[in-house]
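Take a look at the structure set out below.
The values are calculated or read from the model by the stated rules, or taken from the named source; none is laboratory data. Remember, predicted model here, so these are calculated numbers, not experimental data. Please note: Cβ atoms are built from the backbone with ideal geometry, for glycine as well, and neighbour counts cover all protein chains shown.
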Amino acid sequence: MSRAKLVLAHGSGAGQHHPFMQSIKAGLEAGGVEVVTFDFPYMQKAIAAGKPRPPDKMPVLVEAMAEHCQGEPLFLAGKSLGARVAMTLAAELFEAGQQVKGVMALGYPFHPPGKPDKLRLAPIENCPVPALILQGERDTFGARDEVAGYKLGTELQFLADGDHSFKPRKRSGHTEAGNLAEAVAAMLRFIKEHC
């Protein structure tokens, strides 16, 4: 079996070199997965200018991620905004006949914080390949008690007391490192199951 390849997209506010992204990448690579990260066009401009920029429109984001999707077996993953892009791209690649084994979402942005009525479920509902969503229990973009009520049709795993970046409160007895390790372990299991 050839080595699995995973293309990992960053979230809206931080690029591929953010510690969260690097931690996930390192953990997956230690597990034998080839991981490709990149910066979306708006993030490249933000880094060059030294100030934040709003994300590109979804078609631009999808096209930018698609540029890295060669080789098989191929998996897609993303942090927050990147997860929406990954699921949208998986559907497009599937329609085009390109094999995508599965998609993983790290902190899916089910809705904007404080606006639970503005749901963003379409990318999940339209995803034609197996999907794994890893979500912090306290994520303001979709906490456990909210997400449990959604009919997603995907595998869903919650990280103990985690926020949108899986970081728990000190008093919880859990650690950020522990939650990140649990997320990596779940991703490696998912990849092995669907390779």
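The lone criterion from (1) surrounded by fewer than 18 Cβ atoms within 10 Å (Cβ to Cβ); (2) more than 18 Å from residue 78 (Cβ to Cβ); (3) among the charged types (D, E, K, R) left unmet by residue 120 is number (2). In region 110-130, of all residues being hydrophobic (A, V, I, L, M, F, W, C) and touching a Leu at 6+ places or on another chain (Cβ under 7 Å), the one that is farthest from residue 28 (Cα to Cα) corresponds to 110. Residues that are closer than 23 Å to residue 164 by Cα and either in contact (Cβ under 8 Å) with a residue 60 or more places away in the chain or of a type outside the set (A, V, I, L, M) (or both) within region 80-106 comprise 80, 81, 82, 83, 84, 85, 86, 88, 102, 104, 106, listed in sequence order.
Among the candidates 153, 149, the residue that is loosely packed, with under 14 Cβ neighbours inside 10 Å, without any contact (Cβ under 8 Å) to a residue 12 or more places away in the chain and assigned to a loop (DSSP other than H, G, I, E, B) is uniquely 149. Within region 1-24, the only residue that satisfies the criterion of being of a type in the set (S, T, N, Q), in contact with a helix residue (DSSP H, G or I) (Cβ under 9 Å, 6 or more places away or on another chain) and not in a loop (DSSP other than H, G, I, E, B) is 23. Count of region 80-109 residues, restricted to those that are among the polar types (S, T, N, Q), farther than 18 Å from residue 28 by Cβ and out of contact with any helix residue (DSSP H, G or I) (no Cβ under 6 Å at 6 or more places or on another chain), is 2.
Results for (1) modelled with pLDDT of 95 or more; (2) closer than 22 Å to residue 73 by Cα; (3) surrounded by 13 or more Cβ atoms within 10 Å (Cβ to Cβ), shown as yes or no for each residue.
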residue	(1), (2), (3)
3	no, yes, no
7	yes, yes, yes
20	yes, no, yes
30	yes, yes, no
35	yes, yes, yes
44	yes, no, yes
59	yes, no, no
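Can you say whether residue 103 is among the β-branched types (Val, Ile, Thr) and more than 17 Å from residue 61 (Cα to Cα), as far as the supplied structure shows? Spelling it out, it is not the case that residue 103 is among the β-branched types (Val, Ile, Thr) and more than 17 Å from residue 61 (Cα to Cα). Condition (residue is out of contact with any Leu (no Cβ under 8 Å at 6 or more places or on another chain) and either within 18 Å of residue 126 (Cβ to Cβ) or of a type in the set (Asp, Glu) (or both)) applied to region 99-107: is it met by at least one residue? No, region 99-107 contains no residue that is out of contact with any Leu (no Cβ under 8 Å at 6 or more places or on another chain) and either within 18 Å of residue 126 (Cβ to Cβ) or of a type in the set (Asp, Glu) (or both).
Scan region 161-178 and tell me whether some residue there is in contact with a Gly (Cβ under 6 Å, 6 or more places away or on another chain), among the polar types (S, T, N, Q) and over 23 Å from residue 126 (Cα atoms). No - not one qualifying residue is present in region 161-178. Do we have any residue at all in region 125-134 that's over 23 Å from residue 73 (Cβ atoms), of a type outside the set (Val, Ile, Thr), touching a Ser or Thr at 6+ places or on another chain (Cβ under 9 Å) and at pLDDT 95 or above? No, every residue in region 125-134 fails to be over 23 Å from residue 73 (Cβ atoms), of a type outside the set (Val, Ile, Thr), touching a Ser or Thr at 6+ places or on another chain (Cβ under 9 Å) and at pLDDT 95 or above.
Restricted to region 44-79, and to residues there that are of a type outside the set (A, V, I, L, M) and touching a residue at least 60 places away in the same chain (Cβ under 8 Å), the residue that is farthest from residue 32 (Cα to Cα) is 79. Do we have residue 115 as touching a Lys or Arg at 6+ places or on another chain (Cβ under 7 Å) and either over 18 Å from residue 189 (Cα atoms) or of a type outside the set (Asp, Glu) (or both) here? Against the criterion (touching a Lys or Arg at 6+ places or on another chain (Cβ under 7 Å) and either over 18 Å from residue 189 (Cα atoms) or of a type outside the set (Asp, Glu) (or both)), residue 115 does not qualify.
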